[in-house]
1. Taking the simple approach of a point 7 Å from Cα along Cα-to-Cβ for both residue 198 and residue 132, what is their distance in nm?
2. How much of residue 79 can a 1.4 Å solvent probe reach, expressed as accessible area in Å² and rounded to 10?
3. Among bridges DSSP assigns within the chain, what percent are antiparallel (round to 5)?
4. On a straight-distance basis, which lysines could pair with residue 162 in a cross-link, Cα separation under 22 angstrom, same-chain partners fewer than 8 positions away excluded?
5. Just to verify a number: FRET efficiency for residue 161 and residue 54, C-beta to C-beta distance, R0 = 22 Å, to 0.05?
6. Based on alpha-carbon centroids, what's the gap between the range 1-44 and the range 101-173 in Å, whole number please?
7. For Rg and Dmax of the Cα atoms in Å, several values are listed as (i) 20.5, 68; (ii) 21.3, 63; (iii) 17.3, 58; flag the one computed from this structure.
8. Checking the a/c ratio against 1.5 first, then a/b against b/c, what shape does the Cα gyration tensor give for the range 1-100?
Amino acid sequence: MIVGHSIRINLIQGLVKNQALASSYLFFGEEGIGKRTCAEALAHYLEGRPFDLSSQILQDTLLVTPQNGTIGIETARRIKWYLSETPIAGQKRTVIIDQADCLTPQAQNALLKISEEPPANSLLILIVMNPETLLPTLISRFQKIYFPRVSEKDLSLLLPEKFSAKEKNVFLRASNGSPGKLRELLGEASGYAETAKKMRTASAESRKKLTKEYLDNEEDPLRLIDAILVLTYAESKENTGLILKLLQVKRGLATLNLNPRLQLESIFS
């Protein structure tokens with residue numbers, strides 16, 4: 001289920017119905033907001049399904065993600081070939097490039113040429129947090145759609161009905177307007193909750209080992225703190241000391257250049 005962004009979805013649907021959809025779009029906004037979700041939902045819509053995610057396989061869509069942190073010229077050439085093919089099941093041949101800021105300069109220049117002379121019935125969508133990470137000449141060719149944070153009212157639609165008002169408030173505050181983050185906190189898209197449980201019950205020595213393993217895998221310490229925060233509130237709503245410590249550590253990691261390992265270890269000390 002897509003929550004929020006109804007204005008943007010209605011706009012895009014109207015463009016499709018009026019055959020006014022451009023050939024190149026740039027979806028931008030914070031991480032976890034729903035940019036990629038809406039791009040994939042649009043691809044399903046172009047193949048005759050509702051504007052939403054679906055278990056059905058997309059036949060006219062290529063999803064591109066970074067390999068080893070980059071998206072290079074060979075991928076750009078593949079995109080050009082893919083878009084030049086005739087659609088099989090829908091109105092467009094669609095390419096969605098997630099984390100488009102990983103495009104090399106050579107790949108961006110190749111996409112610029114594609115956007116200048118787009119193949120018939122083609123759609124190219126770049127997904128990025130900040131458009132300024134791309135070449136100005138490239139982004140000038142794309143129609144831009146900004147995806148803001150989602151309201152708590154819309155986010156609450158993702159929460160189980162059994163939650164109390166206080167529990168809902170904790171999850172909504174921790175998600176900070178991000179549907180993706182909320183799903184992670186609910187345990188639908190990550191293993192942070194399981195790691196949080198282990199951190200809560202481990203001995204001091206075991207906790208150091210867990211922290212090292214977690215950070216060695218290049219996991220985000222802020223997401224683990226969010227998971228511990230939600231778990232702490234759910235298990236013991238009166239444990240204000242630990243909750244305040246979690247919030248303090250989270251604020252420090254988000255705003256200061258602090259050592260993540262030392263900060264995580266300090267939570268239960």
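The values are calculated or read from the model by the stated rules, or taken from the named source; none is laboratory data. No experiment lies behind these values; they were computed from the predicted model shown. Neighbour counts are summed over all protein chains in view; Cβ atoms, including those assigned to glycine, are modelled from backbone coordinates with ideal geometry. With ligands, DNA and RNA removed, areas are computed over all heavy atoms of the protein, side chains included. Shrake-Rupley method; radii C 1.70, N 1.55, O 1.52, S 1.80 Å.
1. Calculated label separation equals 3.9 nm.
2. Answer for residue 79: close to 0 Å² accessible.
3. Looking only at bridges with both residues in the chain, the antiparallel portion is about 5 percent.
4. 153, 181, 197, 237
5. Computed FRET efficiency for residue 161 and residue 54 comes out at 0.35.
6. Between the Cα centres of the range 1-44 and the range 101-173 lies a distance of 9 Å.
7. Given (i) 20.5, 68; (ii) 21.3, 63; (iii) 17.3, 58, the structure-derived one carries the label (ii).
8. Oblate.
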